[in-house]
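Down below is the structure, laid out as structure tokens.
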Amino acid sequence: MRTKDLSGTTCIVTGGGRGLGRSMVHALAGAGANVTAAMHINDDIEAETQDLPGSVRAVVADIRAADACSRIVADTKKEFGSVDVLVNNAGVGMLLVSDTFNRTPTKFWDVKTETWAQIIETNVNGGFQMAREAVPHMLSRGWGRIINVTTSIHTMQRAGFSPYGPSKAAMEATTSCWSEDLDGTGVTCNILIPGGAADTHLLPGNPGDPGRSGADGMLVDPAVMRAPIVWLASKESDGWNGKRFIGRLWDENAPTNEAAAGCSTPAGFGDRV
């Protein structure tokens with residue numbers, strides 16, 4: 001990955017303790033950014049990243065609670081002096097519904113009410129609450145980034161993937177709305193996805209276990225998020241707003257604007273009726 005200098009840039013990555021979030025924390029801190037890695041469970045990511053150019057601060061918090069989101073943002077600003085980039089990555093997947101969801105789909109009417117609520121509260125409400133707290137700080141400085149991690153359109157609509165799919169569809173539409181609200185402010189809102197089922201804890205088993213695969217038979221390495229997240233967090237991405245970027249399609253051998261154009265489409269669902 002081409003190294004960019006993000007020194008002086010402060011980022012918050014929710015779900016930063018493992019999977020896609022952990023990969024993005026490493027990339028951002030590796031480029032010199034100050035990073036708050038917000039996570040639901042305690043983790044050793046601070047020790048793991050201590051030799052990187054940037055600083056990483058781990059925070060254990062439940063983003064379903066509005067006061068926890070407020071505390072994450074306030075403490076980040078106090079610690080690092082600003083809040084420039086918010087990566088809404090934290091998410092709960094279909095394992096909460098069933099540990100065999102990828103083999104035996106669960107009908108939506110068999111999903112427990114409390115399970116539905118927990119997934120929506122994390123994947124949708126949590127992202128809103130984090131952005132609501134962070135954006136005023138960005139607007140006051142005239143520059144900032146919101147990056148929402150959703151999923152493939154097929155996954156949003158796949159049978160047996162409710163409520164995970166609908167929760168990500170909500171964030172897809174939300175990104176379109178937010179990007180228009182922010183147009184002309186210097187703050188942008190975009191989507192970054194790996195481009196397929198990633199080798200993370202959202203699937204049964206553990207990352208690296210043999211025999212794991214997504215619905216299409218493949219798994220994507222979380223490292224595909226690294227180059228695009230660093231670019232999105234930099235001033236090089238000024239003017240790119242309301243887009244979805246597919247990490248797997250990012251060409252690291254191309255100039256960054258060409259790489260971005262080659263792996264992006266408008267966020268949302270286009271003009272389909």
TODO: Would you tally the residues in the stretch 157-202 being in contact with a Ser or Thr (Cβ under 8 Å, 6 or more places away or on another chain) and part of a strand (DSSP E or B)?
DONE: 5
Task: Unique residue being touching a Phe, Trp or Tyr at 6+ places or on another chain (Cβ under 9 Å) and in a helix (DSSP H, G or I) when the list is LEU28, LEU95 - done: LEU95
Open item on the list: Looking for something open to solvent by less than 30 Å² (accessible area, probe 1.4 Å) and on the phi > 0 side of the Ramachandran plot - is there at least one such residue anywhere in the stretch 189-196?
Closed with: yes
TODO: Kindly check whether there is at least one residue in the stretch 94-108 that is within 21 Å of ALA169 (Cβ to Cβ), touching a helix residue (DSSP H, G or I) at 6+ places or on another chain (Cβ under 8 Å) and open to solvent by 50 Å² or more (accessible area, probe 1.4 Å).
DONE: yes
Open item on the list: Residues to consider are ARG64, ARG22; find the one that is closer than 20 Å to PRO194 by Cβ and either of a type in the set (Lys, Arg) or at pLDDT below 95 (or both).
Closed with: ARG22
- [ ] Would you tally the residues in the stretch 217-239 being open to solvent by 30 Å² or more (accessible area, probe 1.4 Å) and either assigned to a helix (DSSP H, G or I) or among the charged types (D, E, K, R) (or both)?
- [x] 7
- [ ] Name the single residue, out of those in the stretch 44-69 being over 25 Å from TYR164 (Cα atoms) and either assigned to a helix (DSSP H, G or I) or of a type in the set (D, E, K, R) (or both), that is most open to solvent (accessible area, probe 1.4 Å).
- [x] ASP51
- [ ] Please work out if ILE246 is in contact with a Gly (Cβ under 7 Å, 6 or more places away or on another chain) and of a type in the set (A, V, I, L, M, F, W, C).
- [x] yes
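Listed here are the residues, each with its yes/no results for (1) open to solvent by less than 20 Å² (accessible area, probe 1.4 Å); (2) closer than 11 Å to ARG64 by Cβ.
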position: ALA117; (1), (2): no, yes
position: GLY126; (1), (2): yes, yes
position: MET138; (1), (2): yes, no
position: ARG141; (1), (2): no, no
position: ILE147; (1), (2): yes, no
position: ALA159; (1), (2): no, no
- [ ] Could you list all residues from the stretch 249-273 that are at pLDDT below 95, among the charged types (D, E, K, R) and touching a helix residue (DSSP H, G or I) at 6+ places or on another chain (Cβ under 6 Å)?
- [x] GLU252
TODO: Return the total of residues in the stretch 240-262 being surrounded by fewer than 21 Cβ atoms within 10 Å (Cβ to Cβ), free of Cβ contacts under 8 Å to residues at least 40 places away in the same chain and in a loop (DSSP other than H, G, I, E, B).
DONE: 4
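The values are calculated or read from the model by the stated rules, or taken from the named source; none is laboratory data. Just so it is clear, the structure is predicted and the values come from calculations on it, not from any experiment. Heads up, the Cβs are rebuilt from the backbone with ideal geometry, glycines too, and the neighbour counts pull from every protein chain shown. Areas reflect the complete protein model, heavy atoms only, side chains present, ligands, DNA and RNA absent. Shrake-Rupley method; radii C 1.70, N 1.55, O 1.52, S 1.80 Å.
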